[in-house]
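Values quoted throughout were computed directly from the atomic coordinates according to the rules given, and no laboratory measurement underlies them. Remember, it's a predicted structure, so these values are computed and weren't measured experimentally. Cβ atoms come from the backbone with ideal geometry, glycine included; neighbour counts cover every protein chain shown.
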Amino acid sequence: MQSIIISQYRAALKMLESTIRKCPLAQWDDGTDDSPFWRVAYHTLFYTDLYLSPSEDTFLADLMHLPNYQYLGKTSFDGQQVNISKRFTSEEILHYLDSIRDRLPQAIAEKDLESPGG
């Protein structure tokens, strides 16, 4: 079962990597709807990283993480203003993706697939 889960994660990460590499710079930064492409990519990776961690309490965000950057739009879930002062480059996002991909087998191996949260 672990190998199937790892395979599915790898396939999803590969598709995300492909879209990041193909994204035109104008679209990368287009904030027409408050969430330019780079923020959607970061949001996806942040929550992938979180869900692969043993628990929310033990989760350590990547070193590149800035407060509230995981949220899309202008406010967080609890109504805090999301201030975006730095945009991430495709290279930074791809580095984060690679770090998740590298940790993937160990993260899945440590999961209790028989638990209710599986």
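Among I108, Y42, W28, whose Cα sits farthest toward the positive end of the charge dipole of the chain (+1 at Cβ of Lys/Arg, -1 at Cβ of Asp/Glu, about the Cα centre)?
W28
Please list, ordered by chain and number, the residues whose modelled amide H lies under 5 Å from the amide H of T75; skip anything fewer than 5 residues away on the same chain.
Long-range HN contacts for T75: V82.
Note the angle between two axes, namely the Cα long axis of helix 2-22 and the longest principal axis of the Cα atoms of the chain, as a number of degrees from 0 to 90, rounded to the nearest 10.
Helix 2-22 sits at roughly 20 degrees to that axis.
Compute the relative contact order of the chain as a whole-number percentage, counting only Cα pairs closer than 8 Å that sit 6 or more residues apart in sequence.
RCO, the chain: 31 percent.
Can you give the angle from 0 to 90° between the axis of helix 37-52 and the longest principal axis of the chain, with both taken from C-alpha atoms, to the nearest 10?
Approximately 20 degrees, to the nearest 10.
Mind ranking 97-103, 41-47 by how tightly packed they are, going by the mean number of other C-beta atoms within 10 angstrom, highest first?
Going from most to least packed, we get 41-47, 97-103.
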